[in-house]
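The values are calculated or read from the model by the stated rules, or taken from the named source; none is laboratory data. Here the structure is a predicted model, which is why all the values come from computation and not from measurement. Here the Cβ is made from the backbone with ideal geometry for all residues, glycine too, and neighbour counts use every protein chain on show.
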């Protein structure tokens with residue numbers, strides 16, 4: 001439990017917030033009915049925090065611990081540059097306000113003042129603030145923390161608990177939420193972010209968003225007669241109602257501070273949902289208008305707009321309908337499989353099986369933008385994405401949504417290990433209908449148990465007991481099941497446990513530097529255990545794992 005917020009805690013916060021938003025992304029998208037029911041608030045918040053997290057990781061690139069001020073400044077700038085949608089720009093402005101105060105220190109009094117400044121800054125960024133939104137939740141969290149007592153952990157937890165309570169009351173403040181029987185989507189995202197902050201400070205496993213989902217999912221939890229649970233909220237990609245502007249316009253803008261009042265005036269006259277966040281000459285502009293060209297021209301008059309994104313709400317809804325029709329069954333028309341792996345040998349295996357490959361750094365998992373670009377490079381109308389790592393599910397979901405907006409059919413197979421990906425590739429068949437191919441690949445991957453050996457870097461508690469530096473850990477289906485003294489003995493124990501449940505094929509993938517004799521001994525061990533089982537051995541070149549094992 002921290003007494004003072006520091007740079008590593010901010011790094012942990014970003015990682016936990018990204019995980020929490022990744023888990024809740026689809027749920028938040030389904031809640032999205034205000035200001036436009038386009039079902040993308042969860043995705044926009046995820047992409048915004050992802051950009052902030054990448055910027056923070058850059059501060060630690062040289063293995064030197066940065067100071068708090070430079071870290072929170074990088075976080076705020078990263079969020080501003082990567083902000084998506086109305087909620088993303090507001091969140092970026094919240095983080096900017098937070099950073100302004102935390103640059104002076106991370107003591108509890110600074111933290112409380114930072115939350116107040118963050119809420120104030122967010123309100124200032126919105127042309128016409130509306131209660132019952134993310135703004136309301138932010139203000140309630142900041143006020144409760146400011147009025148509370150105790151240290152840093154108490155302040156963070158107070159802010160989080162107050163945000164949860166404020167979120168539950170958002171339908172009482174905004175009629176459109178009450179009519180739909182949902183809480184505010186942006187506020188729901190902020191609760192997840194504040195929960196991650198509380199967990200980062202307290203050193204706890206993040207459980208807040210899960211508990212909140214259960215609480216809000218109970219019938220009558222909001223005091224509404226027709227309250228819908230999250231699972232029944234189908235608000236995705238609906239066109240705006242009559243009288244609502246037709247376009248969403250977003251761009252980054254290099255402009256002096258003195259140009260902002262005129263820009264705000266011009267854009268406010270053109271449309272609504274206007275948010276301008278940033279400072280020090282860099283701004284993120286978001287507005288809903290009927291004349292998209294005029295909104296961009298206003299930016300040109302103020303400075304230099306770039307990274308311009310224009311979305312036509314009705315066309316986006318039409319594309320969603322077309323995708324739904326595609327899912328009903330269209331003949332294959334150009335299909336590819338993209339496999340994400342982290343070793344040159346595994347990459348070559350996947351290419352030989354007919355897949356495109358994204359070679360990932362095991363120490364830096366690819367972000368959603370990198371995954372999206374790799375999917376585009378496939379150049380296919382239909383793409384099956386093999387993740388081979390459970391940590392990539394959230395980023396892959398955001399990337400897939402981007403490609404779907406571009407008319408590409410995407411199926412994300414949440415394979416948790418490269419051996420599951422190889423099993424899926426073994427049954428891939430382009431001649432089948434897309435849905436049939438996805439089902440076959442999913443079944444093959446699901447029928448493959450997976451394990452890996454890793455070397456412990458230090459003393460730690462595991463599911464199998466306490467390990468010491470240098471111990472070999474045997475992970476089965478993601479959990480540490482065996483702690484052993486060497487690769488061979490640990491591998492034999494792991495393989496015996498896996499074969500005890502049956503199997504027809506054992507796949508061994510050797511990491512870089514692992515002697516081939518280890519594989520020979522394990523093959524012999526498997527034959528002694530089950531003579532009927534076939535074995536195959538591949539060189540994976542995956543430096544982060546000495547050995548991967550798959551049993552089908």
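Odds and ends about this structure:
- In this structure, residue 116 does not satisfy being assigned to a helix (DSSP H, G or I) and touching a strand residue (DSSP E or B) at 6+ places or on another chain (Cβ under 6 Å).
- The number of residues in the range 123-151 that are surrounded by fewer than 20 Cβ atoms within 10 Å (Cβ to Cβ) and assigned to a helix (DSSP H, G or I) comes to 5.
- Residue check, residue 54 buried (at least 24 other Cβ atoms within 10 Å of the Cβ), assigned by TED's automatic domain parsing to the domain that holds residue 197 and either out of contact with any helix residue (DSSP H, G or I) (no Cβ under 8 Å at 6 or more places or on another chain) or in a helix (DSSP H, G or I) (or both): no
- Positions within the range 500-517 being in a helix (DSSP H, G or I) and modelled with pLDDT under 90, in sequence order: 516
- Members of the range 435-451 found to be more than 13 Å from residue 418 (Cα to Cα) and part of a helix (DSSP H, G or I), listed by number: 435, 436, 437, 438, 439, 440, 441, 442, 443
- Flag if residue 531 is modelled with pLDDT under 90 and more than 22 Å from residue 344 (Cα to Cα): yes
- Restricting attention to the range 385-411, the residues that are crowded, with 20+ Cβ neighbours inside 10 Å, free of Cβ contacts under 8 Å to residues at least 60 places away in the same chain and within 26 Å of residue 511 (Cα to Cα) add up to 7.
- Of all the listed residues (488, 495, 522, 473), the sole one being buried (at least 18 other Cβ atoms within 10 Å of the Cβ) and part of a strand (DSSP E or B) is 473.
- Any chance residue 526 is farther than 11 Å from residue 453 by Cβ, touching a strand residue (DSSP E or B) at 6+ places or on another chain (Cβ under 6 Å), free of Cβ contacts under 8 Å to residues at least 40 places away in the same chain and not assigned by TED's automatic domain parsing to the domain that holds residue 349: yes
- Put simply, of 179, 248 the only residue that is at pLDDT 50 or above, over 24 Å from residue 115 (Cβ atoms) and surrounded by 16 or more Cβ atoms within 10 Å (Cβ to Cβ) is 248.
- Among the conditions (1) surrounded by 14 or more Cβ atoms within 10 Å (Cβ to Cβ); (2) modelled with pLDDT of 90 or more, the only one that residue 281 does not satisfy is (1).
- Here residue 378 fulfils each of the conditions (1) surrounded by fewer than 20 Cβ atoms within 10 Å (Cβ to Cβ); (2) more than 21 Å from residue 552 (Cα to Cα); (3) touching a residue at least 24 places away in the same chain (Cβ under 8 Å); (4) out of contact with any helix residue (DSSP H, G or I) (no Cβ under 8 Å at 6 or more places or on another chain) apart from (1).
- Matching residues, the range 247-283, being free of Cβ contacts under 8 Å to residues at least 24 places away in the same chain and more than 15 Å from residue 93 (Cβ to Cβ): 258, 261, 265, 269
- Single residue of the range 498-519 satisfying the filter (closer than 17 Å to residue 418 by Cα and surrounded by fewer than 18 Cβ atoms within 10 Å (Cβ to Cβ)) that is nearest to the chain's Cα centre (by Cα): 512
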